[in-house]
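Peer 1: Provided herewith is a single structure, encoded as structure tokens, for subsequent inquiry.
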Amino acid sequence: MAAALGALSLLAAALANAPDAASPPAPAVYSATPSDRGARGHADASARQAVVTAAKAFDTAIAAAQATPGDDAAGLHAAAEPLLAHLDLPRITRLLLPHHWRTATETDRLALEQALVEHLLARHAPALRQLHDWRLELLPRQPPASDRAPTLAEVPVAISARGVSELRLTLRLSSTDDGWQLYDAALFGMSVVAMVRSSLPDLVADADTAGLIATGHR
């Protein structure tokens, strides 16, 4: 999505056409279903709980963004930045910039992550101001694909906001050293990361990794 600020901030971009309003946003709604038995069920339950935790952080980010003066770009950056803790940034960067990732050194990969974060924060953080009465509901889980890696999980959700019809997405998470983190979402069966990648021609046009890093920081 989000997003890549990916799943979360990308969701903000997906809902950015919600009309502005002065009233505070209503609390989001979270619901869960009992976990399945076994290791896969435990992993899916943990991933679903990670989505709930991330959604609550999204609530906080929305409130902070809407309390930030319109000309305070640094304040908007600070409002959205805590969402990064819920994202698998290395995987998002690799999916968005596969050519650069394959040829980059470890140092350059970290720089690519930071450049991408700054680019997407600048582009999508203002959309947080446009979300009012947003809601997220966990939908019943689907049986996992038999070939799905145990370190990956999918969580179907329904999201809506004032003036925006309900969107049904499948959030994609990966198990990392920091727990389950979001790296993509499927909207109408299409990868949000892939859609975001196609919207970044100005960023990905640089074939040189150093040039791409510099472009992301502008």
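Peer 1: Mind checking which residues of the stretch 82-93 are part of a helix (DSSP H, G or I) and either buried (at least 16 other Cβ atoms within 10 Å of the Cβ) or among the hydroxyl-bearing types (Ser, Thr, Tyr) (or both)? Spell out how you get there, then give the answer.
Peer 2: Initially, the stretch 82-93 is screened for residues part of a helix (DSSP H, G or I), giving 82-86, 89-93.
LEU83, LEU84, HIS86, LEU89, PRO90, ARG91, ILE92, THR93, listed by residue number.
Peer 1: Against the definition (on the phi < 0 side of the Ramachandran plot, surrounded by 14 or more Cβ atoms within 10 Å (Cβ to Cβ) and at pLDDT below 90), how does VAL157 come out, yes or no? Give the steps one after another, and end with the answer.
Peer 2: On the way: on the phi < 0 side of the Ramachandran plot: yes; surrounded by 14 or more Cβ atoms within 10 Å (Cβ to Cβ): yes; at pLDDT below 90: no.
Against the criterion (on the phi < 0 side of the Ramachandran plot, surrounded by 14 or more Cβ atoms within 10 Å (Cβ to Cβ) and at pLDDT below 90), VAL157 does not qualify.
Peer 1: Residue under question is VAL192, and the condition is that it be of a type outside the set (Asp, Glu) and either out of contact with any helix residue (DSSP H, G or I) (no Cβ under 8 Å at 6 or more places or on another chain) or within 21 Å of LEU120 (Cβ to Cβ) (or both); does it hold? Give the derivation first.
Peer 2: Working: of a type outside the set (Asp, Glu): yes; either out of contact with any helix residue (DSSP H, G or I) (no Cβ under 8 Å at 6 or more places or on another chain) or within 21 Å of LEU120 (Cβ to Cβ) (or both): yes.
When the stated conditions are applied, VAL192 passes them.
Peer 1: Here's something else I'd like to know. Cβ contacts < 8 Å: first residue surrounded by 19 or more Cβ atoms within 10 Å (Cβ to Cβ), restricted to the stretch 119-144; second residue β-branched (Val, Ile, Thr) and assigned to a strand (DSSP E or B), any location; separation 6+ or different chain. Result?
Peer 2: TRP134/ILE159; LEU136/VAL157; LEU136/ILE159; LEU138/VAL155; LEU138/VAL157; ARG141/VAL155
Peer 1: Still on this model: Specify the residue that is farthest from ALA194 (Cα to Cα); the eligible residues are those in the stretch 94-113 that are outside any helix (DSSP H, G or I) and more than 21 Å from the chain's Cα centre (by Cα). Step through it out loud before you land on a result.
Peer 2: If we filter the stretch 94-113 for residues that are outside any helix (DSSP H, G or I), which is where we start, we get 97, 104-105.
Keeping just the survivors that are more than 21 Å from the chain's Cα centre (by Cα) gives 104-105.
Details: ALA104: 21, THR105: 24 Å.
Out of the qualifying residues, it is THR105.
The values are calculated or read from the model by the stated rules, or taken from the named source; none is laboratory data. Fair warning: this is a prediction, and the values are worked out from it, not measured in the lab. Don't worry about glycine lacking a Cβ; one is built from the backbone with ideal geometry, like all the others, and counts go over all protein chains shown.
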